[in-house]
1. Search the range 30-54 for residues being within 16 Å of ligand 1 (Cβ to nearest atom) and among the small types (Gly, Ala, Ser), and hand back the single one that is surrounded by the fewest Cβ atoms within 10 Å (Cβ to Cβ).
2. Scan the range 46-59 residue by residue and report those that are part of a strand (DSSP E or B), more than 13 Å from the chain's Cα centre (by Cα) and more than 9 Å from ligand 2 (Cβ to nearest atom).
3. Taking the options Gly81, Gly66, Gly71, name whichever one is more than 14 Å from ligand 2 (Cβ to nearest atom) and not hydrophobic (A, V, I, L, M, F, W, C).
Amino acid sequence: MEQADVKPKPKKVLKYLGTTFVKTELCKGCGFCIEFCPTKVLEFSKAFNSKGYHYPVMAYEELCNGCDLCGLYCPDFAIFGVKYNNPEYKPAAGAASKDGQV
Ligand code: SF4
Ligand code: SF4
């Protein structure tokens, strides 16, 4: 039996589909947003807020799709996600701070 042509898998293109905003001073560092993000975008900051909590930062912003699940799980309304209108949008290198604040 002849082997069927196997098409190469298309490369997964990382798109910048959305982003998050974090109100760092409202965060209590529970980590729900980090735990439940489906694409594992977030990690804790190295810095503390004024209450002594680490807050979430975008570690892999290219993976964020703006679904706002992080916002839905946050008990303190400290984070929310938004979708970009232009899915081809890509921030300039170095433009986004890992410890970005609102
Ligand atoms: S908006 Fe969605 S993909 Fe982006 S960080 Fe929040 S949960 Fe993750
Ligand atoms: S779910 Fe809200 S309070 Fe908990 S770490 Fe994330 S932003 Fe902070």
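1. Selected residue: Gly31.
2. Listed by number, the residues that qualify are Lys46, Ala47, Phe48.
3. Gly66
Each value in this text was obtained by applying a stated rule to the coordinates, not by laboratory testing. Just so you know, these numbers come straight off a predicted model, no measurement behind them. Every residue, glycine as well, gets a Cβ built from its backbone with ideal geometry; the counts of neighbours run over all protein chains shown.
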